[in-house]
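Peer 1: For reference, the structure I am asking about is given below.
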């Protein structure tokens, strides 16, 4: 047995000499950071959009943006000189971060896990740089508010700010934080190859909520709403893809915890992709009937059969992909969250209840009707208030909810109808797939 283990370790070591997909994640992240710091726009000043000055700028091209701010807002020269000096520091920091990232890429290809210490330095530096840029932008906005005799309130420094940070800078902060803590494990390629040999997977029936379900519940209630409201206040809904991608990534985390003790198989992920595709196709097929869609019903069926985590991911993907045909916009994250939470709650409420509840499908149809009417409807009406109302107050919310009630009734009724027609046959098909291949047990 000892010789067998030694032979296996030798094979693992040989395989680990190659750069695999896992180890390419920090390499790709470092490459993105180089491109982001040197070439992508980090700052936006909407008031300069129709002037001769550039209204967006990268770290290396702040001069034109600062000239525009000085001319547009008549900033005193003493203040401009201080801003120029700070901008030089940010540009120097960008060059240092880019050089360190390039050295890390070359070193990681050769030394792999031994380059983890350098990776931590790189991702810490490149994660702190956009934070410094954010503080500089906030200080600039504060100064401009004073010059324009505006109060430095939260709204004036976020939604109505003069200078705004773009999604590229915020993405670099997220990458820096995540990779700082995970770069060593990602570069440890030997551990991945050895995992299949040393890890044994055992499963037993447990009627308690699993760890991944609890994590998903916390993420659904905290992280995803925080990301959506972050997009409203700090990105001003100018990035139709950044926030939806963040929602998808967060919703994928608890789903892939299903595979924490084993390697995922392609057919296990394909089931989710197929259900999300059905949701997209169903929404497109009924385009001629406004708000009469089967998407919510398909998401609920996915949550019941495949688990709450898979239900949330199916709903988020269906909302995101279908809007490539219906139009992306600031409403997309809200639709993704609304569809997702309906699927997640369906998996949570009807978890292992099939065959135990009398009139099971009747309860599913009632849940589908109420969840779309109350949860989906209220969330989308709330998003419409944020997007369409000049002044946000109680009256604006009540007016939007009242005007949206007929639409929500049509959508809820369609969900009830599609669940009553598709519920039983689709659940049977999914049960057959799960039993045949032994996959995706919630």
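Here's the yes/no breakdown for (1) over 22 Å from residue 276 (Cβ atoms); (2) outside the structural domain of residue 295 (by TED's automatic domain parsing); (3) in a helix (DSSP H, G or I); (4) out of contact with any strand residue (DSSP E or B) (no Cβ under 9 Å at 6 or more places or on another chain):
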residue	(1), (2), (3), (4)
341	no, no, yes, yes
352	yes, no, no, yes
356	yes, no, no, yes
370	yes, no, yes, yes
380	no, no, yes, yes
385	yes, no, yes, yes
396	yes, no, yes, yes
411	no, no, yes, yes
415	no, no, yes, yes
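Peer 1: Taking the condition of being closer than 18 Å to residue 235 by Cβ and either out of contact with any helix residue (DSSP H, G or I) (no Cβ under 9 Å at 6 or more places or on another chain) or surrounded by fewer than 20 Cβ atoms within 10 Å (Cβ to Cβ) (or both), how many residues in segment 142-163 meet it?
Peer 2: Kept after step one, since they are closer than 18 Å to residue 235 by Cβ, are these residues of segment 142-163: 154-163.
Okay, now just the ones that are also either out of contact with any helix residue (DSSP H, G or I) (no Cβ under 9 Å at 6 or more places or on another chain) or surrounded by fewer than 20 Cβ atoms within 10 Å (Cβ to Cβ) (or both), so 154-160.
Residues that pass the stated criteria total 7.
Peer 1: Can you tell me which condition residue 366 does not meet? The list is (1) surrounded by fewer than 19 Cβ atoms within 10 Å (Cβ to Cβ); (2) modelled with pLDDT under 85, and all the others hold.
Peer 2: Against the list (1) surrounded by fewer than 19 Cβ atoms within 10 Å (Cβ to Cβ); (2) modelled with pLDDT under 85, residue 366 comes up short only on (2).
Peer 1: Name the pairs: first residue in segment 252-278 and on the phi > 0 side of the Ramachandran plot and modelled with pLDDT of 70 or more, second residue surrounded by fewer than 16 Cβ atoms within 10 Å (Cβ to Cβ) and in a helix (DSSP H, G or I), Cβ to Cβ under 9 Å, at least 6 apart or on different chains?
Peer 2: Qualifying pairs under 9 Å: none.
The values are calculated or read from the model by the stated rules, or taken from the named source; none is laboratory data. Here the structure is a predicted model, which is why all the values come from computation and not from measurement. Neighbour counts are summed over all protein chains in view; Cβ atoms, including those assigned to glycine, are modelled from backbone coordinates with ideal geometry.
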